[in-house]
Amino acid sequence: NIEIILTETETLRFFDLPTVMVSVESEEAEKVTQRNKNYEVLCRNRLGNDLYVERMMQTFNGAPKNKDVQCDKIIMEDKGIMSTAWDLYDSYNAMELVSLSVKQSVVESSSKANVLPKDQDQRLPGSTTEKNSETSSLMDIENVILAKIHEDEEDHSDAILKSDKFHQDLFFMERVLMENIFQPKLAAYRQLPVLKEPEPEEPEDVLESAKHEEVEEESKKEEEEEIHAEESTIPANLERLWSFSCDLTKGLNVSSLAWNKTNPDLLAVGYGHFGFKEQKRGLACCWSIKNPMWPERIYQSPYGVTAVDFSIGAPNLLAVGYHNGTIAIYNVRSNSNVPVLDSSESPQKHLGPVWQLQWIEQDRGTTGDGKREILVSISADGRISKWVIRKGLDCYDLMRLKRTTAASNKKGGEKEKKDEALISRQAPGMCFAFHPKGPVYKVTWNPFCHDVFLSCSADWGVIIWQQENVKPSLSFYPATSVVYDVAWSPKSSYIFAAANENRVEIWDLHISTLDPLIVNTANPGIKFTTILFAKQTDCLLVGDSDGQVSVYELRNMPTVLETGRGDIMDTLLGSKSNQSA
């Protein structure tokens, strides 16, 4: 079916020759007369001449309309009034003065009604009814005025509760209370000395303390020496400081963690289950170290959150990936819960869960100055895509993951071996790979040695790989449980952490490649799902299946060594040869 629509075009005027009247007595009269005669001769010769062609044209004349509108005459008047500060004060307090006068009259009338003279006791009963009616009318007036005053007070209280200044004062008060409650924990997190509040002393105690100051100083020195001796003998361990949890996160699985690139005290936490049958409501929260009891921002969703990451160039932008394949970008500076951009209406949206998100800066080259930032995502549909923020979210596929099988050369008498999945040599840190025995849950590069990366999977193992070598450099199988997450320490190339189902392990390759340095076991019924190192302190964040993000302090850790590429590779290859021997 073909639809043809005919519309009328606008009227175009190609020639417009208005009539001109010239007086016979004017100087140009002879020229105009001669021009008109020439035109008449030309019109007579046109008949039967081939040089002339007749054309017809239809013109439209505009239909003018006259409209009249009748309106009232506007009368202007000048009025003025002068007011002083006393007039404003009296007008504001007029209602209070009226209420006070009514109250005084009611009190006086009630006192007179209670103490009646003797001569009034002999009056008729009708007088008492009149008095009761007067007092009841006064009471009604008083009740009306009190109700009016109560309504004004309520309106005033609502205005105070909704004011921005009141909310700001409450915010500062909350910060002070949290600082007082968590002061020892926050000091340990920031590696600062813990301040103890001095107890008030009586004058006698002050005199006695002045006498024994020298004795106390000597005892303190001895205690410090003993404490240092004990710390040198205590092995490395994890001490729990606090956990980020509230009623909203109760029972939800912690799926992802991300620090803000500019504010080291701001942490983004994603809550959502990994399995399709276990799907519940999703939640993305921004927690602050200054308030571990309630998140600063809350973004709720009917789908589980699987990945979060803060922008590098614009730290106020938070990218959130969901289990249904949608990607949303929120502005954490705003109090709005509506995303600034999302891919729900994009035709290139992911068809599976978004397993990881990462912001990457790219050079603009010779065409522009500075760098531009893109968002890279990987999903269960096998696509690695980049998202560019323009008028919306524009998506371009960088890579499509495919299963490949290596050709095997068989010889006589040899049994056929199972094919092994290859890990891409040029795979970046945001990639996702599959293992024959189970999915690879995390791949992360070593921050000091850029040719070494770490992976964990559902086959109970943690493997260290070298970029130029297809075979693993070192493998760890400390327990018979799934390893959900791994992370390198930002302070040492030897130290990394792994989150199993039932415990968290801290490994130091410089000390041992066979046993973990620290093992922290989970409570019954709880599974560890995510881990993240703090950037500026010796602390580790651990997320579990109950919606808690616990903060642990790494105590009595060995001295961090300055390592380079050759040191760590020598350690890895040497430990591997020792294990094989």
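Identification of strands (runs of 3 or more DSSP E) wholly contained in the stretch 479-559 with 3 or more residues that are closer than 25 Å to Asp247 by Cα and not assigned by the TED database to the domain that holds Val269 yields 528-533, 539-544, 549-555.
If you go through the stretch 160-184, how many residues are under 24 Å from Gln536 (Cα atoms), open to solvent by 70 Å² or more (accessible area, probe 1.4 Å) and among the charged types (D, E, K, R)? Walk me through it before giving the result.
Filtering the stretch 160-184 down to residues under 24 Å from Gln536 (Cα atoms) leaves 175-176, 178-184.
This time we only want the ones that are open to solvent by 70 Å² or more (accessible area, probe 1.4 Å), so: 176, 179-181.
Okay, now just the ones that are also among the charged types (D, E, K, R), so 179.
Total satisfying the criteria: 1.
For the stretch 281-294, the criterion of being surrounded by fewer than 22 Cβ atoms within 10 Å (Cβ to Cβ), out of contact with any Ser or Thr (no Cβ under 6 Å at 6 or more places or on another chain) and aromatic (Phe, Trp, Tyr) is met by at least one residue.
Sort out which residues of the stretch 437-470 are open to solvent by 40 Å² or more (accessible area, probe 1.4 Å) and either under 32 Å from the mean Cα position of the chain (by Cα) or of a type in the set (Val, Ile, Thr) (or both), and write them in order of number. Scanning the stretch 437-470 gives Pro439, Tyr441, Lys442, Trp445, Pro447, Phe448, His450, Val470.
State whether the residues of the stretch 484-499 include one that is open to solvent by less than 10 Å² (accessible area, probe 1.4 Å) and farther than 22 Å from Leu238 by Cα. No: the stretch 484-499 contains no residue that is open to solvent by less than 10 Å² (accessible area, probe 1.4 Å) and farther than 22 Å from Leu238 by Cα. Of all residue pairs spaced 6 or more apart or on separate chains, those with beta-carbon atoms under 9 Å, a first member in the stretch 165-186 that is without any contact (Cβ under 8 Å) to a residue 12 or more places away in the chain and under 25 Å from Ser550 (Cα atoms) and a second member that is open to solvent by 90 Å² or more (accessible area, probe 1.4 Å) and not hydroxyl-bearing (Ser, Thr, Tyr) are Ile181/Met293; Pro184/Leu195; Pro184/Lys196.
Per-residue answers, yes or no, for (1) more than 20 Å from the chain's Cα centre (by Cα); (2) not in a strand (DSSP E or B):
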| position | (1), (2) |
| --- | --- |
| Thr306 | no, no |
| Gln348 | yes, yes |
| Leu351 | yes, yes |
| Gln358 | no, no |
| Gln362 | yes, no |
| Arg372 | yes, no |
| Val388 | no, no |
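For the stretch 331-339, the criterion of being open to solvent by less than 10 Å² (accessible area, probe 1.4 Å), among the small types (Gly, Ala, Ser) and not in a strand (DSSP E or B) is met by no residue.
Among the criteria (1) more than 30 Å from Thr521 (Cα to Cα); (2) modelled with pLDDT of 75 or more; (3) assigned to a loop (DSSP other than H, G, I, E, B); (4) open to solvent by 90 Å² or more (accessible area, probe 1.4 Å), the one Leu195 does not fulfil is (2).
Taking the numbered list (1) open to solvent by less than 10 Å² (accessible area, probe 1.4 Å); (2) modelled with pLDDT under 85; (3) not acidic (Asp, Glu) in turn, Ser512 passes all entries but (1).
The values are calculated or read from the model by the stated rules, or taken from the named source; none is laboratory data. Since we're looking at a predicted model, the values are computed, not measured. Note that each Cβ is placed from the backbone with ideal geometry, even for glycine, and that neighbours are counted across all protein chains shown. We work out accessible area using only protein heavy atoms, side chains counted, and drop any ligands, DNA or RNA first. Shrake-Rupley method; radii C 1.70, N 1.55, O 1.52, S 1.80 Å.
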